[in-house]
Structures are given as C-alpha cells and as structure tokens.
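This report concerns only the one structure given below.
Where a number appears in this text, it was derived from the coordinates with a stated rule and is not lab data. Owing to the predicted nature of the structure, the values given are computational and were not obtained by experimental measurement. Methodologically, a virtual Cβ is constructed for each residue, glycine included, from the backbone with ideal geometry; neighbour enumeration extends over all protein chains shown.
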Amino acid sequence: MGNGVAANGKLKRTVVLVGMMGSGKTAIGRALAGRLGVPFLDSDAAIEEAASATIAEIFANDGEAFFRRREAEVIDRLMSGPPAILSTGGGAFLTPRIRDGIADKGVAVWLDAPLDLLWERVRHKDTRPLLRTADPRKTLSEIFDARVPVYAKADLRVPVATGYSIDETTDAVVQVLHQRPDILE
C-alpha cells in the first residue's frame, strides 16, 4: 500500500468533519489525515491553545456566543492553509459564517451517528459543557434533534454505525470523497 497517498489519492481541498459530539470527528479525522498524508487539524484544540483555557472554561467564563465567535475565527484561519483534515466542535456547523467559509474553501462531511451510539460514547465524559444538565440524555436528544437538519446541509454524508471500527468508518469517508474529483483525485 505504500505511503497511503498514491493508494488514496491527492487531497485538493480541506475536508471539514462535522457532526454531533461523539460522532468520531477527532478519531476519524486523525485516521483520514494519516491515510491521505495531510495534516490533521482540530478546531477545539486550536481554540483551547489560543485561549489557554478549555472549551468548558471558555463557555463558563465568556459564554457560548463569545466561544462561537472565536470558533469562527479559528476555523477560518485553519482553512486558509494547504488542504488538510479539520475536525470541528459539534456546534460549529450551526454558525452560518462557518458553513459559508467551509463551502468556500473546503468540503463539509457529516459523520451521521445515531443518537443511541452518541449517548454510549459521551455519557461517561465530563468534558461536554452542553451536557452539564439535570438530564444529560434528554439534553443530548434535544441537541441532536435541533442540529441534524443543519448537519444535513453538509456536502457529503457518511453514516456512522455501532460496531464500525475507526478504519471501517475512515474507509467509508475515503469512498465518499472519491465521488468528488474536485476534492480527492
């Protein structure tokens, strides 16, 4: 298989992974970047680095509106470099400015995971500020219902199923990207 680049093609535009918390954006993003021989970027990590604070701390100290503005700036900056794989926070794609920037400079790929799988993945983590509620399962369900119609606006969709390995899901993303020679040749 070699270095992966020849086998998987040449990336022409940044691929932005969007979807719910727990859908696998970071894990799949890292695997995909390795497979395609391009950088992996994580907007949440970049925001935390720039702010010297965690996402949870930014939410608590400055509020969600402040966070979303910083997020838009960071994503715009990360997309201005050479083609890469960019993992975004679950709420990023909801911001019209971010969606427009992605459409202009890259391509959005929605990792579409079912609610039950997302709950299994996030329920034991305390790093999700939006789930710090009396009934986190109900909160996750409400966020899911509100966001899915927006995620559906992504250029490409890859179903994420229970039991799929990171490799299998990454394979599915590569297959979907190959349908777009303007993105992956």
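Quick notes on this structure:
- Long-range amide H partners of Asp112 with built H, under 5 Å: Val158, Val160
- Karplus-derived HN-Hα couplings along segment 64-81 (A = 6.51, B = -1.76, C = 1.60, θ = phi - 60°), whole Hz, x at Gly and Pro: 5, 4, 4, 4, 4, 5, 4, 4, 4, 5, 5, 5, 4, 5, 5, 7, 7, x
- Remark: segment 5-176 carries a charge dipole of roughly 320 debye about the Cα centre, counting +1 on each Lys and Arg Cβ and -1 on each Asp and Glu Cβ.
- Subset of Lys12/Lys153; Lys105/Lys153; Lys105/Lys138 violating a 24 Å alpha-carbon distance limit: Lys105/Lys138
- Share antiparallel - DSSP beta bridges, the chain, percent rounded to 5: 5 percent
- Residues Thr14, Thr133, sorted so that the one with the fewest Cβ neighbours within 10 Å comes first: Thr133, Thr14
- Segment 1-128, relative contact order [Cα under 8 Å, separation at least 6], %: 42 percent
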